[in-house]
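Reading through the structure tokens given below for one structure.
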Amino acid sequence: MIEKICVIGLGYIGLPTAALLANRGYKVRGVDVVEETVKIINQGKIHIVEPDLDTFVQSAVNSGNLVAYTEAGESDIFIIAVPTPFKDNNVPNIDYIISATRGIAPYVREGNIIILESTSPVGTTDIMEQTLKDEGIDTSKIYFSHCPERVLPGKIMHELVHNDRIVGGTTKEATELTAKFYESFVSGEVLQTDARTAEMAKLTENSFRDVNIAFANELSMLSEKFGIDVWELIELSNRHPRVNILQPGCGVGGHCIAVDPWFIVDAAKGDAKIIKAAREVNDYKSEWAIEKVKNAALEFGRKHGRKARVACMGLAFKPDIDDLRESPALYITKNLMSDCCDVLAVEPNIKSYDGLEIVNCHDAVKIADIIVFLVSHKEFLGLEIEDSKEVMSFCKMVDRRKEKRK
Ligand code: SAJ
């Protein structure tokens, strides 16, 4: 009978999972290496922004079912949900997984289930087992599985329960036992496979999205060249019953889609041609945007004999969130802060960031000479912009002046 669960890594995936399980009656030991995080959680509070998470954590802590520590402890199930970043050369870095696995080694017992939820290169679940063997543990009666997290930031608490899950064990028994556990709290379907397929499925999902966004981004650059409005083009093409083009943007950000495809490219040794090209197109889109804005600023400078004031509208990696991780909008804004223009950074979802002065959106559109929409935050929708201002849009953001003129 499963009673005790140890969740290693209390970030965007681990904390919601731990809180959900605790609310379902499991005794959860949350583990994080950051002492401050542990302290905040034990007060029933949260250290990240995610709708509804605060309520879940508060009731989990109040019930006594969720307690956070800096070290693992004895448990029936161990869930590892730590980050898997990549190194400078786009090679995945699984050091956090290895060190989390070593961290549970003293507490692992016969019959335990060890689940990897972190997005990982194919073969990582096997490496986890090998890591425990290297620590001198007999793993023959321990069950190892991968169950990739698939939740969308902003909708985590809903998707944790309602999404279908993929469970892949290193043995059939591990798959079945792990699937049974997820079925106890997931209302979506729990699909069974092996560990390597589960690992690849997660990478495939995010690469699929990256490739499709790259197609939209390529179309946006071609449309500019051909003098076509890309938004109208996509809207019209999507009226075909079997066409569904995504939205172009100023690049692809976040800690998942801009990262995970590289795990496939690295392992494929030259064979992941489309996936690699998509990553390059999406990264290039940000450089292309920088070039366009710089040229517009230089042109303004030539005409008016002074530096242009450029408002960068949005810094987050996607609309209506405060997350700046791998954000192309932030990258573009920082890049523009060179000597060719004066930048006004606008981000309604954050108060301050690393020495950057954040300007209110209404003030920014009044002060700026060039207004550059990078993220389509809801706050930007009703903005009144004077006719004299130059507007450049790298995201779905209707220029209301054009609408009025129609
Ligand atoms: N984007 C576009 N155009 C679009 C859609 C997205 O440019 O049409 C951009 C966004 O602006 C953003 C980036 O793509 O910069 C990623 O945003 P997203 O909303 O597509 O996805 P994430 O990174 O927030 O979450 C993804 C999800 N994966 C898929 O939809 C296949 C989520 O389900 C995963 O759990 C998550 O990655 C993860 O943790 O791997």
Item to complete: Put one equal scatterer on each alpha carbon of the stretch 217-355, apply the Debye formula with no solvent term, and list log10 I(q)/I(0) at q = 0.21 1/Å to two decimals.
Response: -1.30
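What number in nm² do you get for the stretch 174-237 if you take the convex hull of its Cα atoms and divide its surface by four? Before the final figure, lay out each step's value.
On the way: hull surface 25.8 nm².
With every direction weighted equally, the projected area is 6.5 nm².
Hey, got the dipole for the chain? About the Cα centre, +1 on K and R Cβ, -1 on D and E Cβ, debye to the nearest 20?
Working: 48 positive and 61 negative charges, 231 e Å.
It comes to approximately 1100 debye.
How many times 2.2 N^0.38 Å is the alpha carbon radius of gyration of the stretch 248-329?
Values: Rg = 16.4 Å, N = 82, 2.2 N^0.38 = 11.7 Å.
Compactness ratio reported: 1.40.
Using R₀ = 30 Å, calculate the FRET efficiency as 1/(1 + (r/R₀)^6) where r is the Cβ-Cβ separation of D164 and D271; round to 0.05. Please list the in-between numbers first.
Details: r = 29 Å, r/R0 = 0.95.
With a Förster radius of 30 Å, E is 0.55.
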Item to complete: Ignoring everything but the protein chains, give the 1.4 Å probe accessible area of D271 in square angstrom, nearest 10.
Response: 120 Å²
Worksheet entry | the stretch 232-405, dipole about Cα centre (Lys/Arg Cβ +1, Asp/Glu Cβ -1), debye to the nearest 20 | 520 debye
Fill in: J(HN,Hα) series, the stretch 157-164, from Karplus relation 6.51 cos²θ - 1.76 cosθ + 1.60, nearest Hz, glycine and proline x
5, 6, 5, 4, 8, 8, 5, 5
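Find, to one decimal place in angstroms, the Kirkwood hydrodynamic radius of the chain, where the mean of 1/r is taken over every pair of different Cα atoms and then inverted. It would help to have the intermediate numbers written out before the result.
Numbers: mean 1/r = 0.0432 Å⁻¹.
One over the average 1/r among Cα pairs gives 23.1 Å for the chain.
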Discussion item. Suppose R0 equals 22 Å. What FRET efficiency, 1/(1 + (r/R0)^6) with r the Cβ-Cβ distance, do S184 and E74 give to the nearest 0.05?
Written reply: 0.60
Fill in: Pair-distance profile P(r), taking every C-alpha pair of the stretch 25-178, with 5 angstrom steps and integer %
2, 9, 16, 19, 22, 17, 11, 4, 0, 0
Practice prompt. Once you have the Cα-Cα distance between M1 and E135, take 0.36 nm times their residue separation minus that, and quote the gain in nm to one decimal.
Written response: 45.6 nm
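Show L381, L298 ordered by accessible area, largest first, where the area counts protein heavy atoms only and the probe is 1.4 Å. Present the calculation step by step, with values, prior to reporting the outcome.
Numbers: L381 105, L298 85 Å².
Reading off the accessible areas and sorting them downward yields L381, L298.
Quote to one decimal, in nm, the extra length available between D95 and W231 on full extension: 0.36 nm per residue of separation minus the C-alpha distance between them.
Numbers: separation 136, 0.36 × 136 = 48.96 nm, distance 4.23 nm.
Additional length available on full extension: 44.7 nm.
Quick check: convex hull over the Cα atoms of the stretch 1-100, volume per residue in Å³, rounded to an integer? Working shown, then result.
Values: hull volume 10.2 nm³, N = 100.
Looking at the stretch 1-100, the number lands at 102 Å³ per residue.
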Fill in: Inter-centroid distance (Cα atoms) of the stretch 286-356 relative to the stretch 1-68, Å
37 Å
Worksheet item: At a 1.4 Å probe radius, carbon and sulfur cover how many percent of the accessible area of the stretch 4-188?
Response: 49 percent
Fill in: Mean separation of Cα contacts under 8 Å (6+ apart) over length of the chain, as relative contact order %
10 percent
Worksheet entry | For H146, solvent-accessible area (1.4 Å; no DNA, RNA or ligand), Å² | 0 Å²
Fill in: Cross-link partners of K133 among lysines (Cα-Cα below 25 Å; sequence separation of 8 or more within a chain)
K4, K141, K172
Item to complete: Express the accessible area of the stretch 4-188 per residue in Å², computed with a 1.4 Å probe while the remaining protein chains stay in the model.
Response: 43 Å²
Worksheet, complete the sentence: Given pairs K318/K366; K202/K334; K155/K318 and cut-off 22 Å on Cα-Cα distance, the over-length ones are K318/K366; K202/K334
Worksheet, complete the sentence: Length gained if L191 through R102 is fully extended, taking 0.36 nm per residue and subtracting the Cα-Cα distance, is 29.2 nm
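The values are calculated or read from the model by the stated rules, or taken from the named source; none is laboratory data. Keep in mind that this is a model prediction, so the values were computed, not measured. Cβ atoms come from the backbone with ideal geometry, glycine included; neighbour counts cover every protein chain shown. Each accessible area value is taken on the protein alone, full model and side chains, heavy atoms only, with ligands, DNA and RNA left out. Shrake-Rupley method; radii C 1.70, N 1.55, O 1.52, S 1.80 Å.
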